[in-house]
Each structure stands twice: as C-alpha cells, then as structure tokens.
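See structure below.
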Amino acid sequence: MLPFSPPHIDQLIIDEVIDTLKSGWITTGPKTKRFEKEITAYCGNKASLCLNSATAGLEIMLRWFGVGPGDEVILPAYTYSATANVVMHCGAKPVFVDVCSDFNICHVEVLKAINSNTKVIMPVDFAGYPCNYEQLNLMVKSPEIKSLFKPNNNIQEQLGRILILSDAAHSFGAWYQGKRAGSLTDVSVFSFHAVKNLTTAEGGAIALNLPEPFNNEEIYKYLCVKTLHGQNKDALAKTIPGNWRYDIIEAGYKMNMTDIMASIGLVELSRYDQETLPLRKKIYDAYTAALSKYDWAIIPEYENHEKTSSYHLYALRIKGITEAQRDAIIAKIFEKQVSVNVHFIPVPMMSFYINQGYNINNYPQTKAQYENEISLPVWIDMTNEQVNLVIEAVQSSVREVI
Ligand SMILES: *Cc1c(COP(=O)(O)O)cnc(C)c1O
C-alpha cells in the first residue's frame, strides 16, 4: 500500500538525535533555543517559541490575550478540530464562517461575523496556501471594526483591536506578498506533527510578530514561563551552580519542546528550502499536469501573483459528484493500493459540535468543497512511478464511479 505521508527519517536526523541523546541534555535546552532562532531568521518574524504542539501554541496565545467566557473567536468551518477545540478550552465561543473556493476563510463572511464580543480571528492557511492577510489585517485596523472592540484587560487595551492568530499548521515556508508565513500577521502558529511538511515528531512553534508597542522578546520570555508551570527558571537555568531556588508566578502549563524534538527540526529546516519544498512542488506539478486534462478535475490553487503554497496537501476535487460518490472513488483508489485522505471533515459535522448546536448547512461552500474533496499523497521520497501510480489510480477510479 502506498502510504499517505510517511516521515522522511535519514542518517542526518538519526545522527543529530543521537548527538542530543549523548549530550547529557535531552529536554528543552540549547537545540530548542537554536531551533527557535533559526525559525525566526527563516520566517522574518520577531520572536519564536517552540512547544510540544501547534494546539498548545494556539491555546496559550488565546489565554495570553485573555480570551474567556463571553468572548467570540472567528474561524473557518473548514479546518481541523484543534482550531476550534482550543476556543472551547478557554470557555469562549467558536464562531465558524464559510470558506472561499481556495478553502481559506472568506473575508466577507468574517466581516459579517464580527460583533462587540469578537476578540480573535483565527484564519487557517489550508494546505499551506496563505490566507488574504492584507484584507484581514486591514479589516481589524479599520475604524468601524476597531470601534466595536471592547477590551477587557491591559493586553487587549494595548492592541486596541481584534487579534489575528493564524493557524499556520500547514504553511511553514509559504510566501505571501514577499514575506514568509509567520510574518504575515500578529501571531502565527506552526505544527511540526509527524504528517506536516517539517516535523519534530510532535511539536509546534508560535511565531510572534506583534506590532508596536508590544515587545515580542519580552512576551517570548513570559510565554516560556507560562508554558513551563509558571516557573520563573527553567531546568537549564537551574543547572548554573547555586542557582537552585525558583518561584511559581502563576499556575502555568506544561507545553515545552525537548531538544530531542528540536534536533529533528534543525535537520529538517536546514534542507527545507533546497530539498523539501522543491520536491513537494514537483509532485504537485506532476499531479496538476496529469489531472488538468480531465474535465471532472478541479485543480487546487497553490500559487498566484502574490502567494506560493508550502505544498502541504494536494486537495483535488471532483466536479459534480455527491459525497457518496466521493467515498466510492476513495474506496476504489484504496483497492489499487494507494492511500488518500479527506481534509477535512468540517468541524460543524463533528458530533461534539453538532451537540453544541452547529449545523454544516450554514456553511454551504465548506460543505460543497468537503463533499467532493480527495487529498492525494505528497511526500518527498515518492518516486515518479509512485506519482504515476497515484494519477492512474485516481483517474481510473473516477471513471469507474461516474
Ligand atoms: C495539524 C493541525 C493542527 C494541530 O497541530 P498539532 O501540532 O498536532 O497540535 C491544527 N490545525 C490544523 C489546520 C492542522 O492541520
């Protein structure tokens, strides 16, 4: 069976992990700090904090901003449930809005959803294709929208508007208007989960890029404490002789990245631009060249005059089919020993969210795109033969069903 997205683990990664294991320092330490600096240099943002997941990063930023009961957070219905779950964790209300044909949050829908309870907008760079941040950034800064904003703490007062917290789980390395994901809005959060473009097995990073008068370096230091029990000294600082005493300044969380994880990430990052992205693009282009011949194929958008994807998911759609036909096509593709996927089952279709009163019929574009979507495998060790096997399996399975 051709897998959907196996990790690429080679000798360079193994050597770097072994180096960490033998170094005497396996939890958060020098490699995590180096990885953070390299992420900041790569993305062009102001400071970066590595954590054990993107989910942790999204939640801690909502908590940092003071999001809680009575607050609303706007996010696309078309995303992975983690984006919405963290809003629930904070006791706030997820307000789903519909997406546009590129699977990204639709700014007209965002505008309609904003009210005086709105504290945060969480756009998702679906498949690694950046959202229209220019429009979103301008929207939250516009006088009418700012006048609706009701700050209820010092941080909200200082920002004086809705925070944009980008779920950039897919878009590490993507470009928008000459800038990298991570530097496109206030805060972005990357995922380094095993299936993502750049992995640390599990892991994530917060890319801070807050405007003046915020001091991103100070916020980084505070978040280090907040994500490590609220302890004012981390394990590494405590190794300084005599430096054993510490304090707990708040009931913090436990979300730190280990140096074992960071060592994988350092190797992944060192070859990301030269190897990973071009190899992923090549597979995307091969799918596009082969499938755009068919009038049933809706090819995903992954570059235009101002954006370039990180080529995370190839979200093919099949014109005019029902959800049942899509499922039948997927079953046929699997019969041909090829793994495919659906990204995503929209959050309002999940039992928990149905029980909260959400209904997918309120998001017609999301529903329509979900019903005929099939994600094709993209991983850097795929051979040309394997790419062709996928293309052949897809086109023959579509022919058998429709
Ligand atoms: C993977 C993913 C997440 C969660 O990332 P973790 O690092 O596993 O917490 C969040 N949002 C989206 C859109 C994702 O695909």
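Straightening the chain between residue 246 and residue 9 buys 81.5 nm, computed as 0.36 nm per residue apart minus the Cα-Cα spacing. Distance between the C-alpha centers of the range 124-177 and the range 59-122? Whole Å please. Each part's Cα centre sits 11 Å from the other's.
Compute the accessible area per residue over the chain, keeping the other protein chains in place, probe 1.4 Å, unit Å². Spelled out: the 1.4 Å probe surface of the chain, per residue, equals 41 Å². Rg then Dmax, both in Å and based on the Cα atoms of the range 141-181: 14.0, 35.
Computed with a 1.4 Å probe over protein heavy atoms only, the accessible area of residue 42 comes to about 40 Å². Note on residue 301: accessible area is roughly 90 Å² with a 1.4 Å probe, heavy atoms of protein only. With all pairs of separate Cα atoms included, the range 272-401 yields a Kirkwood hydrodynamic radius of 15.8 Å. Look at the Cα gyration tensor of the chain: its axes a ≥ b ≥ c give a/c of at least 1.5 with a/b at or below b/c, and that counts as oblate. Might you list the cysteines of the chain that have no disulfide-compatible partner by the rule of another cysteine's Cβ under 4.7 Å? 43, 50, 90, 131, 224, each lacking another Cys Cβ under 4.7 Å. The local environment of residue 133, defined by Cβ-Cβ distances under 11 Å, has a net charge of -2 under the rule Lys, Arg +1 and Asp, Glu -1. What's the center-to-center distance, using Cα atoms, between the range 181-199 and the range 327-371 in Å? First find each Cα centre; the distance between them is then 23 Å.
Look at the dipole of the range 244-371 built from charges on Cβ: of 357, 334, 283, the Cα furthest out on the positive end belongs to 334. Overall, the range 113-245 carries a charge dipole of about 300 debye about its Cα centre when +1 sits on the Cβ of Lys and Arg and -1 on the Cβ of Asp and Glu, all other atoms neutral.
Secondary structure note: in the chain, about 65% of the DSSP beta bridges are antiparallel. Computed from point charges on the beta carbon alone (+1 for Lys and Arg, -1 for Asp and Glu), the dipole magnitude for the range 1-141 about its Cα centre is near 480 Debye. For residue 345, neighbours were defined as the other residues whose beta-carbon sits under 14 Å from its Cβ, and their charges (Lys and Arg +1, Asp and Glu -1) total -2.
For the range 272-401, which whole percent of the accessible surface, found with a 1.4 angstrom probe, sits on carbon and sulfur atoms?
50
Of the solvent-accessible surface of the range 1-152, computed with a 1.4 Å probe over protein heavy atoms with every protein chain present, carbon and sulfur atoms account for 58 percent. Pairs over the 30 Å Cα-Cα cut-off, from the set 112/254; 150/238; 282/319; 141/307; 33/112; 179/281: 112/254; 150/238; 33/112.
The values are calculated or read from the model by the stated rules, or taken from the named source; none is laboratory data. On a predicted model such as this, the values are computed, not experimentally measured, just so you know. Methodologically, a virtual Cβ is constructed for each residue, glycine included, from the backbone with ideal geometry; neighbour enumeration extends over all protein chains shown. Heads up: the accessible areas ignore ligands, DNA and RNA and are worked out on the full protein's heavy atoms, side chains in. Shrake-Rupley method; radii C 1.70, N 1.55, O 1.52, S 1.80 Å.
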